[in-house]
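Working notes, structure below.
The values are calculated or read from the model by the stated rules, or taken from the named source; none is laboratory data. Because the structure is a prediction, the values reported are computed rather than measured. Positions of Cβ are backbone-derived with ideal geometry, glycine not excepted, and every protein chain shown enters the neighbour counts.
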Amino acid sequence: MSNKSNEGYFQIYVEHAEVAVAASEYLCQCLKTFRPEDIATMLVEMHEYEHKGDDLRHKMAAMLAKAFVTPLEREDMAELSQNIDSVVDSIEEVLQYVYMDCVETVFEDAVTFATKVNECCVLMKELLEEMPTFRKSSKIHEMVIKINHAEEECDRLFLNANYRFRKNLDVSDGKAALSMVTWREIYGALESCADATEKVADTVEAIVMKNT
């Protein structure tokens, strides 16, 4: 297989990551300027990103199925494609929780969390841009570590955001317990986004180790 053909596979990974970045940027926008009456429109627009991600995953699967020779093991390439898609799916799930739990007001911690998720997605895209030269790249290991650190920051955000919410909760409010469950779910969904980007980084690292 020619190098040009190989680049086609790696370009799909980058395009898929770009969808994740765009979806995370849109999530930040939705939470920063949240209006509960607009949530249905937000869901429709967010689903467009999820649909684009699915299209790219299907495109990768079709290319792998038809190819006689692939630049990396077929199973590894398919796993990486699926893991990138999981990032986009996880981002969409955050808004789905906001919708299902009938959220009326978004807290600043959620905006901060979404911003950090966007940072994780940007780092993931930069990592995948290094894939065509992974055998020579001196950046991949460093970038994997950056994503690991960003995910750890999201773990801390999850703990601290839940702590602050619980500490400031008005227990005299009859809906307090429901609100606590709601925001634990939303913060958990945001944490899952970061976990998904770390899984992509771990997959890339495993591929590099196997092929160098």
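Do we find a residue being exposed (fewer than 13 other Cβ atoms within 10 Å of the Cβ), hydroxyl-bearing (Ser, Thr, Tyr) and over 19 Å from Tyr13 (Cβ atoms) anywhere in segment 126-143?
Scanning segment 126-143 turns up at least one residue that is exposed (fewer than 13 other Cβ atoms within 10 Å of the Cβ), hydroxyl-bearing (Ser, Thr, Tyr) and over 19 Å from Tyr13 (Cβ atoms).
Which pairs turn up if I take residues in segment 120-135 that are touching a residue at least 12 places away in the same chain (Cβ under 8 Å) and farther than 23 Å from Cys154 by Cα and look for partners that are of a type in the set (S, T, N, Q) and in a loop (DSSP other than H, G, I, E, B) with beta carbon separation below 7 Å, at least 6 apart in sequence or on another chain?
Matching pairs, first to second residue: Glu130/Ser137; Arg135/Thr212.
Within the group Ala22, Ala61, Ala17, Ala65, which residue is touching a helix residue (DSSP H, G or I) at 6+ places or on another chain (Cβ under 9 Å) and touching a residue at least 60 places away in the same chain (Cβ under 8 Å)?
Within the list Ala22, Ala61, Ala17, Ala65, the selection yields Ala17.
From the list Tyr9, Tyr99, Tyr49, pick out the single residue that is farther than 20 Å from Cys193 by Cα and part of a helix (DSSP H, G or I).
None of the others qualify; the one that does is Tyr9.
State all residues of segment 69-93 that are hydrophobic (A, V, I, L, M, F, W, C) and either within 20 Å of Cys28 (Cβ to Cβ) or touching a residue at least 40 places away in the same chain (Cβ under 8 Å) (or both); if no residue qualifies, say none.
Val69, Leu72, Met77, Leu80, Ile84, Val87, Val88, Ile91, listed by residue number.
Evaluate the following for Tyr163: is it closer than 20 Å to Glu108 by Cβ, modelled with pLDDT of 95 or more, assigned to a helix (DSSP H, G or I) and hydroxyl-bearing (Ser, Thr, Tyr)?
no
Which one is farthest from Lys136 (Cα to Cα), of the residues in segment 196-207 that are surrounded by 18 or more Cβ atoms within 10 Å (Cβ to Cβ) and not polar (S, T, N, Q)?
Out of the qualifying residues, it is Ala196.
Please specify each residue of segment 113-134 satisfying the condition of being of a type in the set (A, V, I, L, M, F, W, C) and assigned to a helix (DSSP H, G or I).
Within segment 113-134, Phe113, Ala114, Val117, Cys120, Cys121, Val122, Leu123, Met124, Leu127, Leu128, Met131 qualify.
Test Cys102 against the stated conditions and say whether it is closer than 22 Å to Ala23 by Cα and in contact with an Asp or Glu (Cβ under 7 Å, 6 or more places away or on another chain).
Spelling it out, it is not the case that Cys102 is closer than 22 Å to Ala23 by Cα and in contact with an Asp or Glu (Cβ under 7 Å, 6 or more places away or on another chain).
Suppose we keep only residues that are among the polar types (S, T, N, Q) and in a helix (DSSP H, G or I) within segment 12-46. Which one would you say is surrounded by the fewest Cβ atoms within 10 Å (Cβ to Cβ)?
Filtering first and then ranking leaves Thr41.
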